[in-house]
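Bear in mind that the values in this text are calculations on the coordinates, not laboratory data. Everything quoted here is computed from the prediction, not taken from an experiment. Glycine also receives a Cβ, built like all others from the backbone with ideal geometry; neighbour counts cover every protein chain displayed.
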Amino acid sequence: MDASFSPRDRYLLRIADTALILSQRNSEWCGHAPVLEEDLAQSNMALDWLGQARALLTHVGAAHGLDEDQLAMHRLEHQFFNAVLAELPHAPDGRQPGDFAFTVARNTALSLWFTLLWERLLASSDPEVAAIAAKALKESRYHLQHSGDWLVRLGDGTAESHARLQAAIDRLWPLLPELFEDDEVDAAAESLGLGPRWRDLQAPWRAQMDALLARATLKAPADVPNAHGGRRGVHSEHLGHLLSELQYLQRAYPGGVW
Amino acid sequence: MDASFSPRDRYLLRIADTALILSQRNSEWCGHAPVLEEDLAQSNMALDWLGQARALLTHVGAAHGLDEDQLAMHRLEHQFFNAVLAELPHAPDGRQPGDFAFTVARNTALSLWFTLLWERLLASSDPEVAAIAAKALKESRYHLQHSGDWLVRLGDGTAESHARLQAAIDRLWPLLPELFEDDEVDAAAESLGLGPRWRDLQAPWRAQMDALLARATLKAPADVPNAHGGRRGVHSEHLGHLLSELQYLQRAYPGGVW
Amino acid sequence: AAKEAAFEARIEAGDFIEAKDWMPAHYRKTLVRQISQHAHSEIVGMLPEGNWITRAPTLKRKAILLAKVQDEGGHGLYLYAAAETLGTSRDEMTRALLTGKAKYSSIFNYPTLTWADVGVIGWLVDGAAIMNQVPLCRCSYGPYARAMIRVCREESFHQRQGYESLLVIMQNGTAAQKAMVQDAVNRWWWPSLMMFGPPDDQSPNSEQSLRWGIKRFTNDELRQKFVDATVDQAKVLGVTLPDPDIRWNEARGHHDFGAINWDEFWRVVGGNGPCNRERLAARNRAWDEGAWVREAAMAHAAKQQAQHKEAA
Amino acid sequence: AAKEAAFEARIEAGDFIEAKDWMPAHYRKTLVRQISQHAHSEIVGMLPEGNWITRAPTLKRKAILLAKVQDEGGHGLYLYAAAETLGTSRDEMTRALLTGKAKYSSIFNYPTLTWADVGVIGWLVDGAAIMNQVPLCRCSYGPYARAMIRVCREESFHQRQGYESLLVIMQNGTAAQKAMVQDAVNRWWWPSLMMFGPPDDQSPNSEQSLRWGIKRFTNDELRQKFVDATVDQAKVLGVTLPDPDIRWNEARGHHDFGAINWDEFWRVVGGNGPCNRERLAARNRAWDEGAWVREAAMAHAAKQQAQHKEAA
């Protein structure tokens, strides 16, 4: 796809792509969860994130004459701007089913982040974004409740579940700094009134996360410097594999109508 | 791809595709094997199978004005005619690295099968096929030696390795009948002098496999009826995922030159 | 014996039997078997369609498919709950599934090989399921009948969605897409017909079930209804059903159709279909890998309870 | 001390030191560290390129890549063998890698994100490696020098293959393909320059290594040679090196270039690059999951030996 994206587009695509890729990952649980109720809950969250992504992609695409599927299915890897955290497989070795501990930890971390972000986007100067945020915020609060409950339940469950959750937290922690990085895209969004600098979400995120970790008897690892540039289109090696699935059908049947 | 394949084409594509897909699977070990020497050996076998597939695809494609890559990268799933056994992931849960026990068991079973097949193809009425067989037979004998040695080593190693190998044999056994099935494509190949009916390979395969299993202190499971139609383009659910990787790049960069 | 007579009279009168009511042991057992088998089918049925969620061709189709597979999980939930009213537990039923003791619908032992399989499953497999299930909404056991009302409503919706997704392709798609649809129809047609079970003369449990109002039509009656309904739908769609013997029989007022390969049916029921082993392995993996999660949830709940007690 | 003087004299004379020869403990230790680090780099280096084997765009490119990654494994094998002549074992070295005690080239802590990365690694990363390694073919320790001759021959071949694969795209490819190449060059250029190690004034071990003939040029000398050679290759290729400060300096007879971000270098060396954790995890997984295979092979060998003894 040949499209050059403005700072406004990029700001919104970062959010849209993070929701889209997280949805794609969580949909992998459908049929494979530890309890049937979680097959439903994970699918439900995946559906919500997919819906949020679709709304934003449609909104961004409108300016380029592109629809949601052209954006989702025909961009190349470096044109995706999601945070790398969203694209990691649930288990480091890619096994199916994945590591539910990581799923719970990531969904908690990102639901909290989304909740804080949507709260701020309610006041976006772009009324469409504000409208999307209003719906998404309700969903995110539910996701945070659900995932946070599991975090506490598993962190403060058995010795094994505690160890697994702590390992999951340790695995995701180095991916967090990207969620709070600051750059010219954020600056543009702030000056347009489009949305907050992500950096501004860090303090409230950390305070609430620490409270959750404490209830879950888990420890926050030491912070490390940011090494990830998903927001600038520089991803982990996992995204390419994920996209080869996500986009396969559109590419294998060119000109298809679905 | 719009191409209709004659019985001759299909007969050769069944062999080519089995080699191609087996190569693709075994190449997954490169960098992840239990010992460095096996990183090299598995890669080497993958290279041999890839070479055999390329020679046959080039030969089949010539009649259609198609090159090896058009055949490998632009056919849809139902146009692949490999035996389903070749496409299974090394571990049932898809984890990386895979189950080396299954790798060894499958490579033994298929190397033996390939050895018997190439031996018969030396006498093919198609001189190009006979020439390909001459080179491939030497390679296959080496593969059989190498894989068979591992089968014995692991079957008659520790209690754990024995159990793993037996589980691997149990997992692959239901996939074997397809390798010896008989149909109109085989009949055509026989009457053209192109190659043997696969059914004719069954007795010698079973005799040699039983001898190897005995040395490995492993048991052949009970035979079951054939349920797989990879040879007719009806695969397992694994091939589609494998193809989404194999073909991604050609499809994502249409008109590309590599 | 008086109880039994009263029970038979209520069945005769078309009353619903409720969980607290007396019922013959065999009636109870038959229902538990049928309802749990139905629940298991919903759960195992999540796998073949779930296989395409990550590869759906558009985001809208992805959302529809994800919601559909989620609904199947939901059906599994109500059905397990309905079976529990008869004195079994979800754990017990799950173990029966995982050890291979309990059956599930054999149709899910076939693989989903293309995207069109998803649409065709909606059209044919859900179509056949509805044909089987609508009569169960009037089943004599109340909790099952009520669960089936909800299940059937959702299944009809899925069936229409599946059919519609095929119609879009057959009306406006490329030649390769249309070939994909026809290929999927070719593979699913016969297994769909097998979903109604063996022919009436080989179906030993049917008679009793009919008498008890657990079943309302015979296998062959339902199969014929399905063929009659589907032939016209295929015409509208523009696909060919892979049976040269299908033709309208004026005298019978039904479509004739070719002989079903019952050997294949029994082979797949007997465990040797293309995906039997993988389906069961996938369910076992989900269960085994989830054990620590379930244990931890119970441990946490116990801790919470202990705290509440202490506080009290 | 007499031994030490004789050793120094041989080094001075340009003789090779062999495994059985006396050598200072620190010389031995330095070599073990360097050779094993080099071997580890080959092994870890299989991962980023291995990531593209299943997705290579043509069967020919797949064969070339598979053979190349296999060669890297082979280099690992000779280098471990060369290190073993100094009295260490492959197991010992492997454990040092897996626990994070031993280092490997930091370049492999960057991800391969597109197919072009494979070509660019061949061109730039292998190019830089060769620049570093060719002098080692004259290293004072014989077994290492001989291993390096073979390694360098194969690396040169890989470098030409990588460059050629990019040339094909830049000359005949589509705009999207060319953009992919430029993007890969942008990502790999600076990390390639870092491969020569910190600036000379911050490289504490260099001086001793130079004196012992383990090293032949300083980091900065090699880096300059690499820049000079690469600028012209980039021109032929038609890509832009992502450094606006690159220009020919007539007075120096070399190309000037921009400042390297040494903070990033130290961050990645320190374990916080984009892939450090995943690379080490992948190696540990291969090792741990392979434990049963290695144990069984030893158990089988022991059984065989016991049988031979009995037979004898």
Q.
Taking the Cα centre as origin and putting +1 on Lys and Arg beta-carbons and -1 on Asp and Glu beta-carbons, what dipole magnitude results for chain C, to the nearest 20 debye?
A. 780
(Q) So for each of D:72-78, C:94-100 I average, over its residues, the number of other beta carbons within 10 Å; can you give me the resulting order with the highest mean first? (A) D:72-78, C:94-100
(Q) Running a GNM on chain D with Cα contacts under 10 Å, which residue among D:ALA175, D:ALA81, D:ALA234 ends up with the highest mean-square fluctuation? (A) D:ALA175
Q) Relative to the first principal axis of the alpha-carbon coordinates of chain A, what is the inclination of helix A:159-172, with its axis defined by its Cα atoms, in degrees from 0 to 90 and to the nearest 10? A) 30
Q. For the cross-link pairs A:LYS138/A:LYS219; D:LYS20/D:LYS303; D:LYS62/D:LYS235; A:LYS219/C:LYS62; C:LYS60/C:LYS235; D:LYS68/D:LYS215, which exceed 32 Å when the distance is taken from alpha carbon to alpha carbon?
A. D:LYS20/D:LYS303; A:LYS219/C:LYS62
Q. How far is helix B:36-62 tilted, in degrees, relative to the longest principal axis of the Cα atoms in chain B, given as a value from 0 to 90 rounded to the nearest 10?
A. 30
Q. Once amide H atoms are built 1.01 Å from N in the peptide plane, which residues 5 or more positions from D:TYR141, or in another chain, come under 5 Å H to H?
A. D:ILE17
Q) Taking Cα pairs under 8 Å and at least six residues apart, what relative contact order does the range D:1-74 come out at, in percent? A) 23
(Q) Given an 8 Å cut-off on Cα distances and at least 6 residues of separation, report the relative contact order of the range A:47-163 as a percent. (A) 23
Q: About the Cα centre of the range A:7-252, how large is the charge dipole given +1 on each Lys and Arg Cβ and -1 on each Asp and Glu Cβ? Please answer in debye to the nearest 20.
A: 220
Q.
Suppose you put the label 7 Å out from Cα in the Cβ direction; list, shortest first and in nm with one decimal, how far C:ALA302 is from each other copy's label.
A. 4.0
**Q.** For the protein assembly as shown, alpha-carbon Rg and Dmax in angstrom
**A.** 31.9, 115
Q: Read phi for every residue in the range C:288-296 and hand back ³J(HN,Hα) as whole Hz from Karplus 6.51 cos²θ - 1.76 cosθ + 1.60, θ = phi - 60°, with x for Gly and Pro.
A: 5, 5, x, 4, 5, 5, 5, 4, 5
Q | Per-copy distances of the C:ARG150 label point, shortest first, in nm (7 angstrom along Cα→Cβ) | A | 7.0
Q) Using θ = phi - 60° and the Karplus form 6.51 cos²θ - 1.76 cosθ + 1.60, what ³J(HN,Hα) does each residue of the range D:182-193 get, whole Hz, x for Gly and Pro? A) 4, 4, 5, 4, 4, 7, 9, 4, 5, x, 5, 5
Q) From the phi of every residue in the range D:147-164, what ³J(HN,Hα) in whole Hz does the Karplus formula 6.51 cos²θ - 1.76 cosθ + 1.60 yield, where θ is phi - 60° and glycine or proline is x? A) 4, 5, 4, 5, 4, 5, 4, 5, 5, 4, 4, 4, 5, 5, 4, x, 4, 4
Q. Looking only at other chains, what is the average number of their beta-carbon atoms within 10 angstrom of each beta-carbon in C:271-282?
A. 4
Q: State the answer as a single residue: which of A:HIS32, A:PHE80, A:ALA101 lies farthest towards the positive end of the charge dipole of the range A:7-252, with beta carbon charges of +1 for Lys and Arg and -1 for Asp and Glu, about the Cα centre.
A: A:ALA101
Q | Distribution of pairwise C-alpha distances over the range A:7-252, 10 Å bins, in % | A | 8, 33, 39, 18, 3, 0
(Q) I need the trypsin sites (Lys or Arg not before Pro) found in the range C:1-38, filtered to DSSP loop residues with at most 16 other beta carbons within 10 Å of theirs. (A) C:LYS20
Q: Please list, in chain and number order, the residues 5+ apart from D:HIS254 or on another chain whose amide H is under 5 Å from its amide H, with Hs placed from the backbone.
A: D:ASN249
**Q.** Nearest-first distances (nm) between copies at C:GLU8, label 7 Å from Cα via Cβ
**A.** 11.4
Q) Comparing C:THR30, C:THR58, C:THR114, which has the greatest mean-square fluctuation in the GNM of chain C with Cα pairs linked when under 10 Å apart? A) C:THR58
**Q.** D:ASP243, C:ASP200, D:ASP232 arranged by Cβ crowding within 10 Å, fewest neighbours leading
**A.** D:ASP232, C:ASP200, D:ASP243
Q: Report, in whole Å, the centroid distance computed from the Cα atoms of the range D:138-179 and the range B:63-116.
A: 30
Q. Between B:LEU66, B:LEU57, B:LEU36, which gets the highest mean-square fluctuation from a Gaussian network model of chain B, Cα cutoff 10 Å?
A. B:LEU36
Q | Over the range A:7-252, relative contact order from alpha-carbon pairs under 8 Å, at least 6 apart, % | A | 25
**Q.** Dipole of chain A [Lys/Arg +1, Asp/Glu -1 at C-beta], most positive-end residue of A:TRP113, A:VAL257, A:TRP150
**A.** A:TRP150
Q. In square nanometres, what is one fourth of the surface area of the convex hull spanned by the alpha carbons of the range D:47-176?
A. 8.7
Q. If one computes P(r) from the Cα atoms of the range C:118-227, what percent of pairs lie at distances over 23 Å?
A. 37
**Q.** Relative intensity, log₁₀ I(q)/I(0), of chain D from a Debye sum that treats every alpha carbon as a point, q = 0.14, 0.16 Å⁻¹
**A.** -1.15, -1.42
Q: Report the equivalent ellipsoid semi-axes for the range A:1-147 in whole Å, largest first, defined as the square roots of five times the eigenvalues of the gyration tensor built from alpha carbon atoms.
A: 26, 18, 12
Q) Amide H of B:VAL234: which non-local residues (sequence gap of 5 or more, or other chain) have their own amide H closer than 5 Å, using H built in the peptide plane? A) B:GLY229
Q. What GluC sites (Glu not before Pro) in the range C:203-312 are in a loop by DSSP, with at most 15 other Cβ atoms within 10 Å of the Cβ?
A. C:GLU250
Q. Taking other Cβ within 10 Å of each residue's Cβ, how do C:LYS101, D:LYS62, D:LYS178 sort, fewest first?
A. C:LYS101, D:LYS178, D:LYS62
